[in-house]
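S.K.: Here it is, the structure in full.
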Amino acid sequence: MNSNKSMNKLTPEKEYARKIFALLKEEYPAVKPALEFNDAFQLLIATILSAQCTDERVNIVTKSLFKKYKNPKDFLSVKDEELEKGIFSTGFYRQKAKSIKNCCGTLVEKYNGKVPADFEALTQLPGVGRKTASVVAGNAFGIPAVAVDTHVKRLSNILGFINSQDPEKIEMKLKELLPEEDWINSSHYLAAHGRKVCIARRPHCLKCVLGDLCPSFDAEAK
């Protein structure tokens, strides 16, 4: 029995991480994806558009975009110039339009126009990396995944989970530290905290629920 207890005992690193996320769960009890979507395909397109762009801006763009184009074939049928015009305000619009069309082409050719409910298959789609695949896998299909965006990257370093800017290393570290059932929402908790309190240029450390635990706590930060 003693050996089993020792095997199940959390390391100090895991205990610290789980204390952090327990506090974040209390602070943000109703976290959800910032991107608005009705199905896996809409989430896939919205996430591609979100690269180097705010989720708020993407939601404005997709509100009208998804009324015009409802499936991969619709996106393939539109002229490049028209699609570029529709997504212009998200930035890098030419590359994003190309990625969307290439992705939709693969969806039609290989998956009968459906988004595959498989993480590895998602990563093989044109224009889709691990972050986008994690967002879609977790939030559209409930597949345990950790999506590493700018907030997750920044706060993972600030909180001392890791000292790295490599998204894949951060993803794997969070998966190591947290139970699988917390993987999907871990990104939402960190993003919510990064937007509301731990703001990059002006963190509100004195208002932070993590102040007693955070190694980067600054008593001068208002």
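No value in this document is a laboratory result; all are computed from the given coordinates. Values in this document were obtained by computation on a predicted structure and should not be read as measured data. So basically every Cβ, Gly included, is an ideal-geometry build from the backbone, and we count neighbours across all protein chains shown.
S.K.: Per-residue ellipticity at 222 nm for the chain, helices alone: DSSP H runs ≥ 4 residues times -39500 (n - 2.57), over residue total, nearest 500 deg cm²/dmol?
M.R.: Details: 12 runs with 131 residues, N = 222.
Taken over the chain, the calculation gives -18000 deg cm²/dmol.
S.K.: Using a/c under 1.5 as the rounded threshold, could you call region 84-222 rounded, prolate or oblate? The axes a ≥ b ≥ c are square roots of the C-alpha gyration tensor eigenvalues, and prolate needs a/b larger than b/c, oblate otherwise. Please list the in-between numbers first.
M.R.: Numbers: a/c = 2.89, a/b = 1.75, b/c = 1.65.
Prolate shape, in that a/c is at least 1.5 and a/b is the bigger ratio.
S.K.: Is the C-alpha gyration tensor of region 40-141 telling us rounded, prolate or oblate? Criteria: a/c under 1.5 is rounded; beyond that, a/b larger than b/c is prolate, otherwise oblate. Present the calculation step by step, with values, prior to reporting the outcome.
M.R.: Values: a/c = 1.65, a/b = 1.24, b/c = 1.33.
It is oblate, given that a/c is not under 1.5 and a/b is not larger than b/c.
S.K.: Just in region 21-105: which trypsin sites (Lys or Arg not before Pro) are loop by DSSP and have at most 11 other Cβ atoms within 10 Å?
M.R.: Working: sites: Lys25, Arg57, Lys63, Lys67, Lys68, Lys70, Lys73, Lys79, Lys85, Arg94, Lys96, Lys98, Lys101; in loops: Lys70, Lys79.
When the trypsin sites (Lys or Arg not before Pro) of region 21-105 are filtered for loop state and at most 11 Cβ neighbours within 10 Å, Lys79 remain.
S.K.: Please list, by residue number, every one of the trypsin sites (Lys or Arg not before Pro) in region 105-211 that is coil in DSSP and has at most 12 other beta-carbon atoms within 10 Å. Kindly include the intermediate steps, with their values, before the conclusion.
M.R.: Details: sites: Lys110, Lys114, Arg130, Lys131, Lys153, Arg154, Lys169, Lys173, Lys175, Arg195, Lys196, Arg201, Lys207; in loops: Lys114, Arg201.
Sites meeting the loop and neighbour criteria: Arg201.
S.K.: For region 40-141, build the charge dipole from Cβ charges (+1 Lys, Arg; -1 Asp, Glu) around the Cα centre, then report which of Leu122, Ala133, Cys53 sits farthest towards its positive end.
M.R.: Among Leu122, Ala133, Cys53, the one farthest towards the positive end of the dipole of region 40-141 is Cys53.
S.K.: Given Lys14/Lys131; Lys63/Lys131; Lys70/Lys101; Lys19/Lys175, which pairs have Cα atoms separated by over 18 Å? Don't jump to the answer; show the numbers that get you there.
M.R.: On the way: Lys14/Lys131 23 Å; Lys63/Lys131 22 Å; Lys70/Lys101 13 Å; Lys19/Lys175 15 Å.
Violating the 18 Å Cα-Cα cut-off are Lys14/Lys131; Lys63/Lys131.
S.K.: OK, next. Between Glu13 and Glu168, what length in nm is gained on full extension when 0.36 nm per residue of separation is reduced by their alpha carbon distance? Walk me through the numbers before you get to the answer.
M.R.: Details: separation 155, 0.36 × 155 = 55.80 nm, distance 1.90 nm.
Result: 53.9 nm gained on full extension.
S.K.: Rounded to the nearest Å, what's the spacing between the alpha carbon centres of region 92-151 and region 18-56? Just the number, please.
M.R.: Using only Cα atoms, the two centres lie 15 Å from each other.
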